[in-house]
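Student: Quick one: structure below, then a few questions.
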Amino acid sequence: MVLDPCLIAALALNFVVLGVSRIRGVINAVALQGILLGIFPLFVHSDIGLRGILLVGVTIALKGFVIPGFLVHAMREANIQHEVNPVVSYMSSLLLGAIGTGLALVFSYTLPLAEEHTGMLLVPASLSTVWTGFLMLTTRKKAIMQVLGYLLLENGIFLFGLLLLEAMPFLVEVGVLLDLFTGVFVMGIIIHHINREFASTSTEHLTELKE
């Protein structure tokens, strides 16, 4: 089955994201994961119709090219290359990621899934990706790395939503992707303003609010 090796590759990219300090490398890993997610509907549902094909195209375009390109531009404008001192070290992040992935595998077998979805890696992969995104959001100081954590969090939600692809209206699916694009666009503006005010994109500077 082609789906399971692709899901294993997506899980491996989670660990790449947690263990790499170079921001461009993290962006590339998230972009590759986005492309993989884009083609997953073709493997999960053999007869997805025109609606599903459009979803595949939009997902690959946004997750694999448009949003990563936007983040690369923001990285260059802010002149940052590395996450130097994360809240949690990279080795500890990898350990937490491994623990979360293991718990996701155990928990997924307790869920009341449909018979055709039982035994698939789709649910554990989605839960693990959500966990990885949460780790990125809470343990990284650079705003752009937190944006990438938000993208991973949405990737996990998207994976879980593939189980309901046939039941989800097309407008809802596109609405989720547009919400993602809007969120990244807003975070890009925030990164620009943080960098302009503090000559840095670290959120450590945001310790108090002023009028």
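Student: Quick one: count up the residues across the stretch 29-80 that are in contact with a Pro (Cβ under 7 Å, 6 or more places away or on another chain) and either modelled with pLDDT under 85 or among the charged types (D, E, K, R) (or both).
Tutor: Counting residues in the stretch 29-80 that are in contact with a Pro (Cβ under 7 Å, 6 or more places away or on another chain) and either modelled with pLDDT under 85 or among the charged types (D, E, K, R) (or both) gives 4.
Student: In the stretch 19-69, how many residues are assigned to a loop (DSSP other than H, G, I, E, B) and under 22 Å from Gln146 (Cβ atoms)? First the steps, then the outcome.
Tutor: Here is the first cut: in the stretch 19-69, the ones assigned to a loop (DSSP other than H, G, I, E, B) are 20-21, 45-48.
Those still in the list that are under 22 Å from Gln146 (Cβ atoms) too: 20-21.
Residues in the stretch 19-69 being assigned to a loop (DSSP other than H, G, I, E, B) and under 22 Å from Gln146 (Cβ atoms): 2 in total.
Student: Restricting attention to the stretch 117-133, and to residues there that are assigned to a helix (DSSP H, G or I) and polar (S, T, N, Q), which single residue is nearest to Leu159 (Cα to Cα)?
Tutor: Ser126
Student: What is the number of the single condition among (1) touching a Lys or Arg at 6+ places or on another chain (Cβ under 7 Å); (2) without any contact (Cβ under 8 Å) to a residue 60 or more places away in the chain; (3) surrounded by fewer than 15 Cβ atoms within 10 Å (Cβ to Cβ) that Gly38 does not meet?
Tutor: Of everything listed in (1) touching a Lys or Arg at 6+ places or on another chain (Cβ under 7 Å); (2) without any contact (Cβ under 8 Å) to a residue 60 or more places away in the chain; (3) surrounded by fewer than 15 Cβ atoms within 10 Å (Cβ to Cβ), Gly38 misses just condition (3).
Student: Also, quick follow-up: Looking only at residues that are in contact (Cβ under 8 Å) with a residue 60 or more places away in the chain and of a type in the set (Ser, Thr, Tyr) in the stretch 109-160, which one is surrounded by the most Cβ atoms within 10 Å (Cβ to Cβ)?
Tutor: Thr129
The values are calculated or read from the model by the stated rules, or taken from the named source; none is laboratory data. Since this is a predicted model, take the numbers as computed values, not measurements. Don't worry about glycine lacking a Cβ; one is built from the backbone with ideal geometry, like all the others, and counts go over all protein chains shown.
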